[in-house]
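Shown next, in structure tokens, is the structure this report addresses.
The values are calculated or read from the model by the stated rules, or taken from the named source; none is laboratory data. Just so it is clear, the structure is predicted and the values come from calculations on it, not from any experiment. Positions of Cβ are backbone-derived with ideal geometry, glycine not excepted, and every protein chain shown enters the neighbour counts.
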């Protein structure tokens with residue numbers, strides 16, 4: 001009987017620790033087509049970044065986004081969040097450095113951190129549909 005209880009308790013502990021260390025990944029996508037306004041985006045000089053209020057996102061350590069191979073105006077980045085943040089609200093913004101000047105979106109965006117992986121729909125930089 002003691003062995004059965006020990007096995008059950010051990011199994012529950014392992015399951016609990018597994019969910020504690022679970023991670024989720026969110027893929028963010030932003031289209032900067034209208035932002036360019038005829039300007040030429042130089043990948044060596046200019047960049048698109050993602051900032052937010054939950055680690056690993058911050059304004060101090062932004063996540064650099066990379067252009068999509070099929071659409072150079074669409075930028076993507078996948079960010080991994082710890083399972084302990086699952087269900088929490090994430091506020092985030094896209095920002096662009098174009099011609100050595102930062103330009104942040106006017107209004108922060110928000111999403112809930114999922115318990116699994118998620119790819120957000122692509123959106124236009126600084127464009128909102130209510």
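Below are the figures for this structure:
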{"read-out": "Any hit, region 1-17, residues being part of a loop (DSSP other than H, G, I, E, B) and at pLDDT 85 or above", "value": "no"}
{"read-out": "Filtered residue count, region 34-50, keeping only those that are in contact with a strand residue (DSSP E or B) (Cβ under 7 Å, 6 or more places away or on another chain) and outside any loop (DSSP other than H, G, I, E, B)", "value": "6"}
